[in-house]
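Following: one structure in structure tokens, then a few remarks.
What follows draws every value from the coordinates through simple rules; no lab data is involved. What you see is a predicted model, and the numbers here were worked out from it, not measured in a lab. Heads up, the Cβs are rebuilt from the backbone with ideal geometry, glycines too, and the neighbour counts pull from every protein chain shown.
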Amino acid sequence: MLADKLKEIYDLLYKRFGPQNWWPGDTAFEMIVGAILTQNTNWTNVEKAITNIKNADLLSPEKLHHLDLAALAQLVRPAGYFNIKAKRLKNFLDWFFENYSGKLENLEKVRTSDLSEQLISVKGIGPETADSILLYALNRPVFVVDAYTARICTRHHIIDEGADYHQIQETFESNLPSDIELFNEYHALIVNLGKNFCKPTPKCSECPLNFLPHSV
């Protein structure tokens, strides 16, 4: 059964890598900022950008919302594509204040599916970023899918090649318990596997899943 295979993969990855302690951040808002900034860059660069914001004492929805776009771009420069990412942050903040007065507690009663649609409607926020915000910052039980997930699942015959984001997500959500901690840890473990073993040219002999059926 697919559910059994997904559980086996999780158990093997957890045994090999241990807990990943995702998502780094002291507050839910910091995690949201990180989710937006981490697009097309590594976490080390995002940490530098967030440190800049913290050092300027600006890591709050209100302060960033009122900050000049050019000034914000300079703060997030280490994250790369800084003009684009500053605009994406501003787009999120505009939506956040227009619809929810910039208060995270106002999101609590909104259905996850509705919140997902609203986040994706914000220019610059795609499904992966929206779901990262939902799972890691807002504690909603959604499974985050990325390029590593697609590659690993294709190679291990969990999904058909060419399956889209929502098809892959549904595969996990319909075959695993709807558990925030499980989804959190599983996604982080998949990222570890994808970065270090299941690369475009894979290291199959060293992979913790090396005895499972796969194709490359």
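With θ set to phi - 60°, apply the Karplus curve 6.51 cos²θ - 1.76 cosθ + 1.60 along the stretch 158-167 and write out the HN-Hα couplings as whole Hz, x wherever there is a Gly or Pro.
Result, rounded to whole Hz: 8, 10, 7, 4, x, 4, 8, 3, 6, 5.
Could you give me the ³J(HN,Hα) list for the stretch 80-97, computed from phi with Karplus coefficients 6.51, -1.76, 1.60 and θ = phi - 60°, whole Hz, x at Gly and Pro?
x, 6, 5, 5, 5, 5, 4, 5, 5, 4, 5, 4, 4, 5, 4, 4, 4, 7
Within the set of other residues whose C-beta is less than 13 Å from the C-beta of ASN184, count the net charge using Lys and Arg as +1 and Asp and Glu as -1.
-3
What is the Cα centroid distance between the stretch 40-76 and the stretch 137-200, reported in whole angstrom?
Cα centres, the stretch 40-76 to the stretch 137-200: 29 Å.
In sequence order, what are the phi-derived ³J(HN,Hα) couplings for the stretch 17-32 according to the Karplus relation 6.51 cos²θ - 1.76 cosθ + 1.60 with θ = phi - 60°, rounded to whole Hz, with x for glycine and proline?
Coupling constants for the stretch 17-32: 9, x, x, 9, 6, 8, 9, x, x, 7, 9, 4, 5, 4, 5, 5 Hz.
Tell me which aspartates and glutamates have Cα within less than 19 Å of LYS195's Cα, excluding those fewer than 8 residues away on the same chain?
Within the straight-line limit of under 19 Å, LYS195 reaches these aspartates and glutamates: ASP11, GLU47, GLU128, ASP146, GLU185, GLU206.
Sort out the exposed loop GluC sites (Glu not before Pro) in the chain (DSSP loop, at most 12 other Cβ within 10 Å) and tell me the longest stretch that has none. Don't jump to the answer; show the numbers that get you there.
Details: sites that count: GLU108, GLU161.
Longest stretch, sites excluded: 1-107.
Between [x] 16.1, 49; [y] 18.0, 54; [z] 19.0, 60, which matches Rg and Dmax of the Cα atoms in Å calculated for the structure shown?
So the calculated entry is the one marked [y].
With each run of n ≥ 4 DSSP H residues scored as -39500 (n - 2.57), what mean residue ellipticity at 222 nm is computed for the chain after dividing by its residue count and rounding to the nearest 500 deg cm²/dmol?
That calculation yields -17000 deg cm²/dmol at 222 nm.
Sort TRP23, TRP95 by Cβ crowding within 10 Å, fewest neighbours at the top.
The order, fewest Cβ neighbours first, is TRP95, TRP23.
How big is the stretch 28-137 along each principal axis, measuring the range of its Cα positions in Å and listing the largest first?
Reported extents, whole Å, longest axis first: 34, 26, 20.
Determine the gain in length on full extension of the stretch TYR81-SER101; use 0.36 nm per residue of separation and subtract their C-alpha separation, reporting nm with one decimal.
Additional length available on full extension: 4.4 nm.
For a label point 7 angstrom out from the Cα of LYS195 toward its Cβ, which stretches of the stretch 146-165 have the backbone nitrogen within less than 16 Å?
Only 146-149 pass the distance filter.
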